[in-house]
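Scroll down for the structure; my scribbles are underneath it.
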Amino acid sequence: MEINEIIQERINKLKTLSQKGINPYVNSFAPTASIGEVLNNFQEQKKVSLAGRITAKRLHGKAAFLDLKDQTGKIQAYVKEDFVGKEGYEIFGQLDLGDIVGLTGELFTTHTKEPTIKTQDLVLLTKALRPLPEKWHGLKDVETRYRQRYLDLITNEEVKSVFVKRSLIISKIREILDKKGFLEVETPMMQEIPGGAAGRPFKTHHNEYDIDLFLRIAPELYLKKLLVGGFQKVYEINRNFRNEGVSTRHNPEFTMLELYVAYSDCQGMMRLCQDLISQVAKDVLGTTKINYLDKEINLEPPWQVISFAQAVEDKFSIKPSDSSEEMLEKLHKKGRALGEKKLSRSQVVKMVEDILQENASFSPTFFVDYFTILCPLAKKKQDNPLLSERFELFIGGMEVANAYSELNDPIEQRARLQEELAGGATDLKNIDEDFLLSLEQGMPPAGGLGIGIDRLIMILTNQASIRDVILFPQLKPIKND
């Protein structure tokens with residue numbers, strides 16, 4: 001039967017119910033428990049009221065069985081005209097797979113040991129006009145799964161389990177940080193000058209003030225202002241927006257954990273980062289040994305530490321004191337023809353960074369000793385000002401976290417930002433003067449840490465694409481020609 005014929009058949013059933021004075025969209029049914037709770041504490045002859053979606057229906061003359069499913073589980077229901085009455089059985093006759101119903105009855109176990117509810121009252125709560133995906137094939141088309149996530153969740157239990165784990169992971173992060181004395185805060189998502197990271201922002205317009213605003217690319221500068229204001233431990237699980245490419249690791253809208261600790265530094269953030277992630281794995285997954293893309297990863301600390309500066313020198317003979325021309329020449333000698341002749345030092349080093357990251361270790365690895373030209377918001381190392389007190393964490397071959405000893409010298413910070421603007425390393429045209437003003441009031445020495453929540457969840461749930469851990473990923477619109 002064609003989809004339009006199925007829909008019309010269901011609409012006809014809807015009309016039949018309405019003609020009998022039956023409301024097919026009742027909202028006054030109250031379940032006494034979830035299906036999962038009933039199954040976990042199953043008691044013969046106990047009377048319960050359950051609600052859920054019909055996922056299977058098996059007829060046996062004037063009696064039938066159906067499978068009722070909610071978020072917590074699935075249970076079999078036995079429906080017979082002798083129990084539900086003539087009107088109740090007429091309603092049952094108009095039901096289809098996908099309909100949402102409420103059932104009241106007694107629990108019993110069939111001769112095949114199947115937990116079942118003997119239905120005594122049946123209420124149609126929602127008539128579904130479209131059929132569910134075919135039972136045995138499920139929802140296989142990837143594009144459809146992302147566009148119609150609701151169908152994906154109905155038909156694919158493993159998909160639903162990923163998003164349940166996502167929620168548990170984020171809740172656990174909050175729990176751990178709250179116990180450590182952190183204060184969860186909220187900062188603006190619309191900003192006059194987007195800062196705190198390199199990225200191209202989305203632009204919008206505020207009609208009342210007649211000003212252009214940008215969706216934030218990072219909350220960093222606002223969180224540092226809170227350190228100036230006297231908060232010593234703050235965090236935000238925040239939504240960021242970057243108007244850039246889409247891939248298995250990038251979505252224009254993504255979730256980050258960003259936190260700051262007064263009187264700490266990059267080393268303190270390194271300890272906090274590995275302890276936080278390993279503890280989340282233990283508490284949510286029950287282990288620190290996980291499988292990601294068919295490879296085992298051990299998240300038990302301590303994690304390996306590699307010098308970025310040393311790796312760049314070993315691979316390309318590039319040193320942080322080299323000019324951009326010298327860097328390009330050394331890359332050319334190593335067989336890396338970038339094609340560009342006029343690049344700033346920071347642009348060249350960013351390319352080198354991307355090259356190194358192509359073969360990043362699957363095991364948790366901290367890369368330290370980043371060139372200062374890549375780190376305008378981080379403190380320089382006292383023994384080598386060409387390098388910064390910064391790390392990037394890689395797990396499963398991709399960047400998961402980033403941290404600094406935060407630069408709190410307002411004079412040096414202004415000079416660094418001006419240098420960044422002059423070098424064309426950012427799309428921004430202005431410096432955030434209010435941020436610099438706050439630093440002039442005095443910001444305590446601090447460590448800051450950002451963790452990509454979506455990527456972390458990819459690793460902890462063994463998902464190859466970021467779209468598989470975001471409920472509604474950004475997709476190209478369907479054109480109806």
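The values are calculated or read from the model by the stated rules, or taken from the named source; none is laboratory data. What you see is a predicted model, and the numbers here were worked out from it, not measured in a lab. Positions of Cβ are backbone-derived with ideal geometry, glycine not excepted, and every protein chain shown enters the neighbour counts. Remember, those area values only see protein heavy atoms, side chains included, never the ligands or the DNA or RNA. Shrake-Rupley method; radii C 1.70, N 1.55, O 1.52, S 1.80 Å.
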- Query: farther than 26 Å from Pro302 by Cα, among the basic types (Lys, Arg) and not in a helix (DSSP H, G or I) - does that describe any residue in the range 233-241?
  - Reply: yes
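I'm trying to understand the selection: among the residues of the range 365-385, which are farther than 20 Å from Ile355 by Cβ and outside any loop (DSSP other than H, G, I, E, B)? Walk me through it before giving the result.
The initial filter retains those residues of the range 365-385 that are farther than 20 Å from Ile355 by Cβ, namely 376-385.
Of everything in the range 365-385, those that are farther than 20 Å from Ile355 by Cβ and outside any loop (DSSP other than H, G, I, E, B) turn out to be Ala378, Lys380, Lys381, Asn384, Pro385.
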Going through (1) more than 17 Å from Glu399 (Cβ to Cβ); (2) open to solvent by less than 50 Å² (accessible area, probe 1.4 Å); (3) part of a helix (DSSP H, G or I) one by one, Glu353 fails only at (1)
Filter the range 55-64 for residues that are out of contact with any helix residue (DSSP H, G or I) (no Cβ under 8 Å at 6 or more places or on another chain) and open to solvent by 50 Å² or more (accessible area, probe 1.4 Å); the one that is nearest to Leu124 (Cα to Cα) is Lys57
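Is there a residue being among the hydrophobic types (A, V, I, L, M, F, W, C), in contact (Cβ under 8 Å) with a residue 24 or more places away in the chain and closer than 30 Å to Trp303 by Cβ anywhere in the range 418-434?
Of the range 418-434, the ones among the hydrophobic types (A, V, I, L, M, F, W, C) are 421-422, 425, 428, 431.
Now narrow it down to the ones that are in contact (Cβ under 8 Å) with a residue 24 or more places away in the chain: 425, 428, 431.
Then keep just the ones that are closer than 30 Å to Trp303 by Cβ; that gives 425.
Among the residues of the range 418-434, at least one is among the hydrophobic types (A, V, I, L, M, F, W, C), in contact (Cβ under 8 Å) with a residue 24 or more places away in the chain and closer than 30 Å to Trp303 by Cβ, which makes the answer yes.
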Do the conditions hold for Val185, that is, is it within 18 Å of the chain's Cα centre (by Cα), under 30 Å from Leu272 (Cβ atoms) and of a type outside the set (Phe, Trp, Tyr)? no
Of (1) within 30 Å of Met269 (Cα to Cα); (2) modelled with pLDDT under 95, Val305 fails just (2)
Checked the range 40-69 for anything in a strand (DSSP E or B), out of contact with any Lys or Arg (no Cβ under 7 Å at 6 or more places or on another chain) and farther than 15 Å from Thr104 by Cβ; matches are Ile54, Ala56, Lys57, Arg58, Leu59, His60
Taking first residues from the range 376-401 that are on the phi > 0 side of the Ramachandran plot and touching a residue at least 12 places away in the same chain (Cβ under 8 Å) and second residues anywhere that are open to solvent by 10 Å² or more (accessible area, probe 1.4 Å) and not in a strand (DSSP E or B), the pairs with Cβ under 7 Å that are 6 or more apart or on different chains are Gly396/Leu293; Gly396/Phe362; Gly397/Ala360; Gly397/Phe362
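Among the residues in the range 360-379, are any among the basic types (Lys, Arg) and open to solvent by less than 40 Å² (accessible area, probe 1.4 Å)? Spell out how you get there, then give the answer.
Going residue by residue through the range 360-379, those that are among the basic types (Lys, Arg) are 379.
From what's left, open to solvent by less than 40 Å² (accessible area, probe 1.4 Å): none.
No.
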Checked the range 88-109 for anything within 11 Å of Lys57 (Cβ to Cβ), part of a helix (DSSP H, G or I) and open to solvent by 40 Å² or more (accessible area, probe 1.4 Å); matches are Gly93
Result of the Cβ filter at 9 Å on the range 131-160, keeping first residues that are at positive phi and partners that are assigned to a loop (DSSP other than H, G, I, E, B) and modelled with pLDDT of 80 or more, at least 6 apart or interchain, is Gly138/Asn156
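Which of the residues that make up the range 382-407 are over 30 Å from Ser465 (Cβ atoms) and surrounded by fewer than 19 Cβ atoms within 10 Å (Cβ to Cβ)? Talk me through it step by step, then tell me what you get.
Residues of the range 382-407 that are over 30 Å from Ser465 (Cβ atoms), as a first pass: 382-389, 405-407.
Selection gives Gln382, Asp383, Asn384, Pro385, Leu386.
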Leu153: passes all of (1) over 30 Å from Ile22 (Cα atoms); (2) touching a helix residue (DSSP H, G or I) at 6+ places or on another chain (Cβ under 6 Å); (3) open to solvent by 30 Å² or more (accessible area, probe 1.4 Å) but (1)
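Determine which member of the set Gln19, Gln8 is modelled with pLDDT of 95 or more and either open to solvent by 40 Å² or more (accessible area, probe 1.4 Å) or out of contact with any Asp or Glu (no Cβ under 8 Å at 6 or more places or on another chain) (or both).
Working: Gln19 fails: modelled with pLDDT of 95 or more.
When all the criteria are applied, what remains is Gln8.
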Of the residues in the range 449-481, those that are in contact with a strand residue (DSSP E or B) (Cβ under 6 Å, 6 or more places away or on another chain) and among the β-branched types (Val, Ile, Thr) come to Ile451, Ile453, Ile459
Inside the range 240-284, the number of residues satisfying the requirement of being at pLDDT 95 or above, among the acidic types (Asp, Glu) and surrounded by fewer than 20 Cβ atoms within 10 Å (Cβ to Cβ) is 4
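Quick grid of which residues meet (1) more than 32 Å from the chain's Cα centre (by Cα); (2) closer than 14 Å to Asp99 by Cβ; (3) open to solvent by 20 Å² or more (accessible area, probe 1.4 Å):
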{"position": "Ile35", "(1), (2), (3)": "no, no, no"}
{"position": "Lys46", "(1), (2), (3)": "yes, no, yes"}
{"position": "Lys69", "(1), (2), (3)": "no, yes, yes"}
{"position": "Ala77", "(1), (2), (3)": "yes, yes, no"}
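How many residues does the range 76-123 contain that are hydroxyl-bearing (Ser, Thr, Tyr) and without any contact (Cβ under 8 Å) to a residue 40 or more places away in the chain? Reasoning before the result, please.
Taking the range 76-123 and keeping what is hydroxyl-bearing (Ser, Thr, Tyr), we get 78, 89, 104, 109-110, 112, 116, 119.
Next cut, without any contact (Cβ under 8 Å) to a residue 40 or more places away in the chain only: 89, 110, 112.
Residues meeting the conditions: 3.
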